[in-house]
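Visitor: So that we are looking at the same thing, I have put the structure below in structure tokens.
Values in this text are rule-based calculations from the coordinates and carry no lab data. As the structure is a prediction and not an experimental result, all values here were calculated from the model. Every residue, glycine as well, gets a Cβ built from its backbone with ideal geometry; the counts of neighbours run over all protein chains shown.
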Amino acid sequence: MATGIKEVIGVLDDTLNGLRRTLTNKGADYSGSEDTFKNFRLSESILGIPVKKSITVRLLDKVARIGKLLDTDAKVTTESIEDTLDDLIGYAILLKTAYRHGTSSVVVSEESCASDTSGHSGDPTISVLYKDGGKTKHHHTYADDPYREIGHD
């Protein structure tokens, strides 16, 4: 039996509805609602990999996993090939968003943070300056733990 456009549109609708939830939930987990590319920007600030290339690397990871899953059964049984396809589509949407709306440029410096009030004053930090909606924002984290935020303005 041939697959018709009705079945394709059904898969499209199911996929998009699921991806809306997934992108919203994962976006909140990874970077909050204010800055969709925050976790990708962290890769840029630490490793020097631009946001769009960082997303592309994740796309390639998903393509490689799909290729492997077409040949063998998944060892991680909680992530099916359909889950990986959804991840691929999600990253493609993020990359399209980055191209359509741009990503901010990042300037990174390592310094001691005199304004830190958490008791870690003087520890090396990573400072990130980036443009967001025309405003320059400053964000810094501890160099030894970039996910532990000191603050931003």
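Visitor: Within 10 Å of each residue's Cβ, count the other Cβ atoms and sort Ile81, Ile55, Ile5 from fewest upward. Numbers along the way, then the final one.
Guide: On the way: Ile81 14, Ile55 24, Ile5 8.
Fewest to most other Cβ atoms nearby, the residues stand as Ile5, Ile81, Ile55.
Visitor: Take the cross-link list Lys38/Lys96; Lys26/Lys53; Lys52/Lys75; Lys38/Lys75; Lys38/Lys68; Lys75/Lys96 and give me the ones stretching past 28 Å between alpha-carbons. Mind showing how you got there, number by number?
Guide: Working: Lys38/Lys96 16 Å; Lys26/Lys53 20 Å; Lys52/Lys75 30 Å; Lys38/Lys75 31 Å; Lys38/Lys68 30 Å; Lys75/Lys96 31 Å.
In this structure, Lys52/Lys75; Lys38/Lys75; Lys38/Lys68; Lys75/Lys96 lie more than 28 Å apart at Cα.
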